[in-house]
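Structure record follows, encoded as structure tokens.
The values are calculated or read from the model by the stated rules, or taken from the named source; none is laboratory data. Since we're looking at a predicted model, the values are computed, not measured. Positions of Cβ are generated from backbone atoms using ideal geometry, with glycine treated the same way; all protein chains shown enter the neighbour counts.
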Amino acid sequence: MQVVPRVAIERMRPEDIPAVQVIEREIFLSPWPRNAYATELAQNRQASYIVLREDGQLVGYAGLWNVVHEAHVTTIGVRGQDQGKGYGKTLFAALIQRSYELGARWMSLEVRAGNLHAIHLYEWFGFKSIGRRRGYYTDNGEDAVIMWSDSIHAPAFKSRFIEIFSSIDVAGIGSPPDREYPL
């Protein structure tokens, strides 16, 4: 008998795309086009996408691009009925963990200026607002807040991340990064 973990992080597969798109349409004003995830999974070698399952059902997803030494968060979403359960924190921690695995040195993202909950989450992880992209979101003209991490290998950032990471008990999330600063 195989025991399925109650909550688990997995790599996104093509068969996950329809469930991801259902969540996209539910939570975003402008969901990605239907073929965007298929193209990302099949053709973008810098892309890394994950899903979060609860009792086998897809409840969230996230992705990043790793370009040179920067991991750029492209998307993160949690099904509306499952928001507030810590799944956004789990997905974001999994993206940071993936950034360590990919050898990134920094992370960046854009977030809607009005999404204060997400901004606070990213700040809790140690990200800082460094600017705005005026009218970035074409669906309503909302500004994007540009956020960056310090070096993810810096002792303060890494220590904070390991503290957060150790509080997450989710299958498939991986191991915490080594506390040592890389050479």
Name every residue in the stretch 36-69 that is in contact with a Lys or Arg (Cβ under 7 Å, 6 or more places away or on another chain), of a type in the set (Asp, Glu) and farther than 15 Å from GLY88 by Cβ, in order of residue number. ASP55
Can you name the residue in the stretch 101-129 that is within 13 Å of the chain's Cα centre (by Cα) and hydroxyl-bearing (Ser, Thr, Tyr) and is also surrounded by the fewest Cβ atoms within 10 Å (Cβ to Cβ) among such residues? SER108
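Among the residues of the stretch 108-122, are any of a type in the set (Ser, Thr, Tyr) and outside any loop (DSSP other than H, G, I, E, B)?
The first filter runs over the stretch 108-122 and keeps only residues of a type in the set (Ser, Thr, Tyr), leaving 108, 122.
Within this subset, residues satisfying the condition of being outside any loop (DSSP other than H, G, I, E, B) are 108, 122.
Checked against the condition, which is being of a type in the set (Ser, Thr, Tyr) and outside any loop (DSSP other than H, G, I, E, B), the stretch 108-122 yields at least one hit.
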From the list PRO155, PRO176, exactly one residue is under 18 Å from TYR100 (Cα atoms), of a type outside the set (Val, Ile, Thr), at pLDDT below 95 and within 17 Å of the chain's Cα centre (by Cα). Which is it? PRO176
Taking interchain pairs and intrachain pairs at least six residues apart, which have beta carbon atoms under 7 angstrom, with the first residue in the stretch 151-176 and under 21 Å from ARG105 (Cβ atoms) and in contact (Cβ under 8 Å) with a residue 40 or more places away in the chain and the second surrounded by fewer than 12 Cβ atoms within 10 Å (Cβ to Cβ) and polar (S, T, N, Q)? PRO176/SER166
Among (1) hydrophobic (A, V, I, L, M, F, W, C); (2) without any contact (Cβ under 8 Å) to a residue 60 or more places away in the chain; (3) part of a strand (DSSP E or B); (4) touching a helix residue (DSSP H, G or I) at 6+ places or on another chain (Cβ under 6 Å), the one test that TRP65 misses: (4)
